[in-house]
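These notes are about the structure you will find just below.
The values are calculated or read from the model by the stated rules, or taken from the named source; none is laboratory data. Quantities reported herein were computed from a predicted structural model and do not represent experimental measurements. Cβ sites come from the backbone with ideal geometry, for glycine too, and all protein chains shown count toward neighbours. Surface accessibility is based on the protein's heavy atoms, side chains included, excluding ligands, DNA and RNA. Shrake-Rupley method; radii C 1.70, N 1.55, O 1.52, S 1.80 Å.
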Amino acid sequence: MDFLLQGIPEVASFQVFLMLSLGLVVGIVIGSIPGLNVPLAVAIALPITFTVEPIAGLAMLVGIYKGGTYGGSLTAVLINVPGTPAAAATAIDGNELTRQGKAGKALKMSLYASVIAEFVSDIALIAFAVPMAVFALRIGPPESFSLGIFALTLVGVLSQGNMVKGLIAAAMGLFLSTFGVDPLSGEFRLTFGVRQLSGGWSFIALVIGVFAIAEALSILETSLTRLKRKGPLRLSDPEHCLDRDDWRRSLPVIGRSSIIGVFIGAIPGLGSAVSAYLNYGLSRSLSREPERFGKGAIEGVAAAEAGNNAVTSSTFVPLLTLGIPGDVITAIMLGAFIAHGLIPGPALFEQQGAFVAGFFLMIVMASALHLVIARLGMYAFIQTARVSNPVLFPAVLVLGVTGIFVSTSSYFDVYVMVGFGVMGYLMNRFGFPIAPLLIGFILGPLIEVGLRQAAIMGRGDLTIFLTRPISAIFLACALLTILVVGWREYADRQKRTDRQKEEPQI
């Protein structure tokens with residue numbers, strides 16, 4: 001506590017408050033616009049931070065980070081178009097609640113789960129930064145591979161009742177992740193002479209395509225429009241309010257997802273999308289009513305958003321303690337530290353103790369302001385639920401195309417987005433789930449690189465995955481998940497068979 005008191009003079013200024021508030025507003029808006037992403041916003045804002053005090057400049061970047069990570073859930077819930085890749089998990093149940101006329105309930109849970117997870121992550125950063133950094137250093141290629149396999153087994157959880165199609169979708173995602181430059185040898189593969197494919201398929205183009213474009217095509221096919229409700233939509237209406245049962249279902253999920261997300265954030269290279277899907281899948285597999293997920297389960301929104309936002313503070317653990325960025329965003333922020341003469345690492349705590357304490361306090365302030373600003377702006381966002389689809393989706397498509405072009409400066413990625421949109425439409429049309437496709441695409445590089453590097457470390461001896469304790473634990477969890485999912489599939493099949501036998505024959 002005495003250590004944190006040193007930081008009060010660092011953050012007790014109007015400039016810090018203003019820059020933090022501005023960053024949160026910009027982050028929420030940028031995160032909610034499909035195609036625009038948080039790293040892009042942080043990179044654009046980076047030069048601005050050089051003209052103010054170090055703590056104020058970093059406050060703006062932290063605000064963009066936290067606001068943008070949450071902002072993707074807004075469009076995911078309201079129009080089934082995730083503003084960020086990690087928010088795709090939120091859309092599974094969040095948009096279903098919107099279709100049921102409970103958009104406010106989903107948005108409130110998304111915000112509260114996000115902020116609670118951020119506070120948990122803030123506390124973990126302050127209290128356990130050094131031990132968590134030591135833990136993160138123990139995660140090598142074998143552990144990364146085993147974690148990827150464990151996360152991949154959750155495809156079975158998300159595809160329960162439609163296992164074959166779910167596995168096919170996951171296999172498609174894994175295959176798409178192999179395009180581009182070989183991560184170890186540097187050779188081109190599956191590029192077919194197309195220069196733009198050297199970096200692989202754009203994940204942003206994939207997400208916008210399979211959600212926004214596919215949704216627009218489905219609307220064109222069915223000629224459905226969203227009718228406006230008479231009178232304003234009020235967040236105080238009963239259907240938009242969280243009740244005691246919602247909290248009873250969600251609080252344990254938020255707690256578990258926050259803790260898991262904190263550890264995932266502390267491991268460099270994983271990120272919020274892995275955390276969101278991993279926690280969503282775990283929550284479904286551990287639920288007593290897994291059949292509710294995908295049909296508007298409020299705890300599904302809580303799991304995805306808590307897992308998503310829990311990484312926002314813990315990613316600073318390896319940066320502050322070891323000087324190793326935890327993800328792309330903290331890598332950009334490393335430039336802000338260096339520009340202000342602050343070199344992250346053990347020496348930073350000794351030489352700039354007051355600044356580090358101020359940074360910790362500013363992180364907590366960001367979470368508190370996040371709650372206030374996002375709650376005040378929620379009414380404006382919920383009004384999009386009243387806009388008819390013929391007006392809404394052309395605007396979404398324009399924003400998507402603009403966002404893709406701004407972030408990649410490539411017409412090729414615009415065409416890729418359209419192509420993935422057609423693929424997403426066909427997958428929806430024939431009953432193939434989208435979530436396994438995204439999981440496979442995210443986990444593909446993690447699994448491939450982990451496997452190949454571990455094989456090099458063990459000189460071809462694959463028992464390295466079992467002799468390292470953390471890796472063995474992840475593989476054991478994967479095996480347990482497969483057994484549980486298999487048993488549930490078998491039990492469901494037996495129930496259907498028994499039901500058919502009991503039906504009277506005519």
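Phi angles across segment 291-298 convert, under the Karplus curve 6.51 cos²θ - 1.76 cosθ + 1.60 with θ = phi - 60°, into 3J(HN,Hα) values of 5, 6, 5, x, 10, x, 7, 5 Hz, Gly and Pro given as x. In segment 6-125, Rg over Rh equals 1.04, where Rg is the alpha-carbon radius of gyration and Rh the Kirkwood radius from pairwise Cα distances. Contact order, relative form, for the chain: 29 percent (alpha carbon pairs under 8 Å, 6 or more residues apart, mean separation divided by residue count). Taking R244, R488, R452 and ordering them by how much accessible surface each has at a 1.4 Å probe, largest first, produces R244, R452, R488.
Could you look at the chain and say what percent of its accessible area is carbon and sulfur, using a 1.4 Å probe and all protein chains? Can you show the working numbers first?
Numbers: 14500 of 21580 Å².
The computed percentage sits at 67.
Distance from the Cα centroid of segment 76-135 to that of segment 248-327 is 8 Å (rounded to whole angstrom). Placing unit charges on the Cβ atoms of the charged side chains and taking the dipole of the chain about its Cα centre, the candidate lying farthest along the positive direction among V317, S218, L176 is S218.
Provide the convex hull volume over Cα atoms per residue for the chain, in Å³. All intermediate terms of the calculation are to be shown ahead of the outcome.
Working: hull volume 88.4 nm³, N = 506.
Normalising the Cα hull of the chain by residue number yields 175 Å³.
Can you list residues from other chains, or at least 5 along the same chain, whose modelled amide H is less than 5 Å from the amide H of G180? Here the answer is R189, T191, G200, since their amide H atoms fall under 5 Å of that of G180.
Applying 1/(1 + (r/R0)^6) with R0 = 45 Å to the Cβ-Cβ distance of T463 and M163 gives a FRET efficiency near 0.90. Once you mark the chymotrypsin sites (Phe, Trp or Tyr not before Pro) that are in a DSSP loop and have at most 11 other Cβ atoms within 10 Å, what is the longest gap between them in the chain? Longest stretch, sites excluded: 193-429.
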